[in-house]
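Let me begin by presenting the structure, written as structure tokens, before commenting on it.
The values are calculated or read from the model by the stated rules, or taken from the named source; none is laboratory data. These figures come from a predicted structure and were not determined experimentally. Every residue, glycine as well, gets a Cβ built from its backbone with ideal geometry; the counts of neighbours run over all protein chains shown. All accessible areas refer to the heavy atoms of the entire protein, side chains included, with ligands and DNA or RNA removed. Shrake-Rupley method; radii C 1.70, N 1.55, O 1.52, S 1.80 Å.
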Amino acid sequence: MKVYGHPMSTCTRKVLTTLAEKGHTSHEFVLVDLMKGEQKSPQYLAKHPFGVVPFLEDDGFSMYESRAIIRYLDARLPGPKLTPSDYPSLGRMEQWISVEQSNFTPHCMDIVRELVFKRGGKPDLDKVNKGRDGCARALDVVDRALLSQGHLAGDLFSLADICWLPYLQYLSMTPHASLITERPHVSSWWRRISARPSWKKVTG
Ligand SMILES: N[C@@H](CCC(=O)N[C@@H](CS)C(=O)NCC(=O)O)C(=O)O
């Protein structure tokens, strides 16, 4: 199995965290250097038509899209199940993966792009403030949900928690980390999921 990606990429981190949670160590990591634009090279575009990471190759099969890859890996590999078996919890897991993608990550990345990744130039504070409002709205909803359960899909850690981790990590590195820490249930959940050995391995 080969994972093409970049260690700082949020989407690559979802895949590597899933592999670590499954206890899978025999994959090869192929660095696609985003700083050098390798994701847009003809060789890489021949694999991934949208020219982004991650990309997975597994025994003659290949695929892209991080959230699809982690569902595939969870079904395909032995190790702890990261998808609940009861239907309501499964539904919840899928709901929170969609909320992450639609209602949280675009706002979070507006902040992170301006305050963490921008090289040179002043941050666009309008974008940051709009991102902050969007994140606050989504995290209020998550905070209410976590009032009565330890993780997004219920009591068990699942793929939904993995999907939120990389974005929360970058948000926690900005002056807007209080979006996390000022919400008690989000804050305690974040402390627990970011302390997992899988996440420490991926970000270490
Ligand atoms: N929906 C895709 C998004 C992939 C994506 O945007 N990857 C980023 C890194 S996290 C990337 O490759 N950026 C480089 C670029 O846009 O050229 C997924 O989940 O895999």
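Using alpha carbon centroids, what distance separates segment 59-97 and segment 144-197, in Å?
Distance between centres, Cα-based: 19 Å.
Which of Val30, His6, Leu56 sits farthest toward the positive end of the charge dipole of segment 2-76, with +1 on the Cβ of Lys and Arg and -1 on the Cβ of Asp and Glu?
Positive-most Cα among the choices belongs to His6.
Where only protein heavy atoms count, and the probe is 1.4 Å, what is the accessible area per residue for the chain in Å²?
50 Å²
From the Cα gyration tensor of segment 51-96, with a ≥ b ≥ c the square roots of its eigenvalues, which class applies: rounded if a/c is under 1.5, or else prolate if a/b is larger than b/c, or else oblate?
It is oblate, given that a/c is not under 1.5 and a/b is not larger than b/c.
Suppose we keep just the DSSP beta bridges with both residues in segment 2-76; what percent of those would be antiparallel, to 5?
DSSP beta bridges in segment 2-76 are roughly 65 percent antiparallel.
Rounded if a/c is under 1.5, else prolate if a/b beats b/c, else oblate: with a ≥ b ≥ c from the C-alpha gyration tensor eigenvalues square-rooted, which is the chain?
Oblate is the answer for the chain, as a/c is 1.5 or above yet b/c matches or exceeds a/b.
May I ask for the net charge around Trp189, where only other residues with Cβ less than 10 Å from the Cβ of Trp189 are counted and Lys, Arg are +1 while Asp, Glu are -1?
Here the charged neighbours net out to +1.
Report the charge-dipole magnitude of the chain in Debye, nearest 20, computed about the Cα centre from +1 at each Lys and Arg Cβ and -1 at each Asp and Glu Cβ.
The dipole magnitude comes to about 400 debye.
Would you mind working out the magnitude of the charge dipole of segment 87-196 relative to its Cα centre, with +1 at each Lys and Arg C-beta and -1 at each Asp and Glu C-beta, to the nearest 20 Debye?
Here the size comes out at about 280 debye.
Where does each of 169-179, 111-121 land if you order them by average Cβ count within 10 Å, highest first?
169-179, 111-121
Straight-line reach only, C-alpha to C-alpha below 14 angstrom: list the aspartates and glutamates that Lys14 could link to, leaving out same-chain residues fewer than 8 apart.
Partners within reach: Glu65, Asp74, Glu100, Asp161.
Stretched out fully, how many nm does the piece from Thr25 to Arg137 gain, at 0.36 nm a residue minus the Cα gap?
Roughly 36.5 nm would be gained on extension.
Net charge near Arg71, counting Lys/Arg +1 and Asp/Glu -1 over other residues with Cβ under 11 Å of its Cβ?
Surrounding charge for Arg71 is 0.
Round to a whole number: what % of the accessible area of segment 61-113 belongs to carbon and sulfur, probe 1.4 Å?
That fraction is 56 percent.
Please give the contour-minus-distance gain from Met63 to Glu38: 0.36 nm per residue of separation, less the Cα-Cα distance, rounded to one decimal in nm.
Answer, rounded to one decimal: 7.2 nm.
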